[in-house]
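Have a look at the structure below, then the notes.
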Amino acid sequence: MPDLLAWRSRFPILAKKTYLINNSLGAMPDSVPAALAEYTDLWASEGVVAWDTWLPEVSAVAGILEDIIAAPRGSMTMCQNVTNALAAVLSCLEYEPPRNRIVCCAGEFPTVEYLLDGERRLGAEVVRIGSDPLVFPTEQFVDAIDHHTLLVLVSHVLFRTAELVDLAPIVERARQFGALVLVDAYQSMGSIPFNVMDLGVDFLVGGSVKWLCGGPGAGYLFVRPDLVDRLEPRLAGWFSHARPFGFEPPPIVYAPGISRFTGGTPNMPAYYQAREGYRIIREVGVSAIREKAIHQTQLLIEGALARGFTVNTPLEPARRGNHVTVDLPHAEQVKDELIRRGFVVDFRPGAGIRIAPHFYNTDDECRAILEEMETIARELPAGG
Ligand SMILES: Cc1ncc(COP(=O)(O)O)c(C=O)c1O
């Protein structure tokens, strides 16, 4: 296994805390302050002329993500977050029966479900498969896709349990019935190696705060290149126009390709900041990250089970992403105490404590948190 610990010194928080929540907020690279200074220096010295440097930076930053998932050049654009990326995709859809269904599952991240729920007002029939958010109901999900299905929406890795969804049967069935597939890859970008064209999905959305170590404000959208020019997003802005600096009246003439999804003024500081994490992830390599994660998640799972904790993450490596969700009595209190003692993790109701080591974490840190959890559990008064 390659020694990835050489990267530790690039992440200041690791010197101070046992930082194990990289599926929630990845550690900040030490080069972020300089990247933000690069952005502010341009603003300070060039004023409006800074746009000549800023604008090309948007597609350059998206280009790093394209490298990470082997997406063709120019197939991804930046946006603020998953909510905006998904809203832009949904704004391309017309809910005309009989093809007006969206198929999703109970384990999706709430932002996604809230948006889908709102689409009902426009005539969408939202079919929510399963009732247990801790389990992905593969067979039922695949069976629900038929000639009524307009869009299938699915997370690549479920945020509560880290279940890694097998997209192949979903994509195959969707193709068979002419439905579109959108994958929320927030929990897999930078943690699971994949080639987005091989996945065969039509859309991919995600953000940067987690495994990409890119901080908030930098979401992204991939659209299959042979589909993009047939889409007409209602959520469009002046940068979605073929000639944004023509300031022309409507109707909009869409920019060719992914640019039609740009919308309004790009969120420049966020992209300067995110670029630093993306570059590191590309250099480390997602395959190496995944290899180490399989080892450390196994270590965590075995250690948790040996202590009698409940593991709410699939035990088979091929069925899980890079975090482990561990439940035990009074888990939320245990999480609070862990943070007080310098072990940074989080808690999701109904699921448990999420532990998410990244390439810069040591095996000793994984062992230490389990020991600390055991100690805290012993110290807590009965009844919490
Ligand atoms: C799978 C998934 N989707 C979406 C989000 C967040 O969406 P947004 O970028 O709109 O905040 C998260 C977590 O923050 C997530 O885990």
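Quick notes on this structure:
- Subset of segment 161-178 that is out of contact with any helix residue (DSSP H, G or I) (no Cβ under 8 Å at 6 or more places or on another chain) and surrounded by fewer than 20 Cβ atoms within 10 Å (Cβ to Cβ) - its residue that is nearest to G107 (Cα to Cα): A168
- Scanning segment 196-217 for residues that are aliphatic (A, V, I, L, M) and touching a strand residue (DSSP E or B) at 6+ places or on another chain (Cβ under 6 Å), we see that the one that is nearest to the ligand (Cβ to nearest atom) is V205.
- Identity of the residue in segment 144-185, among the charged types (D, E, K, R) and in a loop (DSSP other than H, G, I, E, B), that ends up farthest from the ligand (Cβ to nearest atom): D146
- Residue in segment 240-247 that is under 30 Å from N22 (Cα atoms) and of a type outside the set (A, V, I, L, M, F, W, C) present: no
- Just one of the numbered conditions (1) farther than 26 Å from G277 by Cα; (2) part of a helix (DSSP H, G or I); (3) not hydroxyl-bearing (S, T, Y) is not true of G350: (2).
- Residue in segment 236-246 that is surrounded by 21 or more Cβ atoms within 10 Å (Cβ to Cβ) and of a type outside the set (V, I, T) present: yes
Matching residues to (1) over 26 Å from the mean Cα position of the chain (by Cα); (2) away from the ligand (no atom under 16 Å from the Cβ); (3) on the phi < 0 side of the Ramachandran plot:
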{"position": "A37", "(1), (2), (3)": "yes, yes, yes"}
{"position": "S45", "(1), (2), (3)": "yes, yes, yes"}
{"position": "P56", "(1), (2), (3)": "no, yes, yes"}
{"position": "G63", "(1), (2), (3)": "no, yes, yes"}
{"position": "R101", "(1), (2), (3)": "no, yes, yes"}
{"position": "C104", "(1), (2), (3)": "no, no, yes"}
{"position": "P110", "(1), (2), (3)": "no, no, yes"}
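- Identity of the residue in segment 324-345, in contact with a Leu (Cβ under 9 Å, 6 or more places away or on another chain) and assigned to a loop (DSSP other than H, G, I, E, B), that ends up nearest to M189 (Cα to Cα): V345
Taken together, the values in this text are just the output of simple stated rules run on the coordinates, not laboratory data. Predicted model only: the values in this text are computed from it and were never measured. Backbone-built Cβ (ideal geometry, glycine too); neighbour counts: all protein chains shown.
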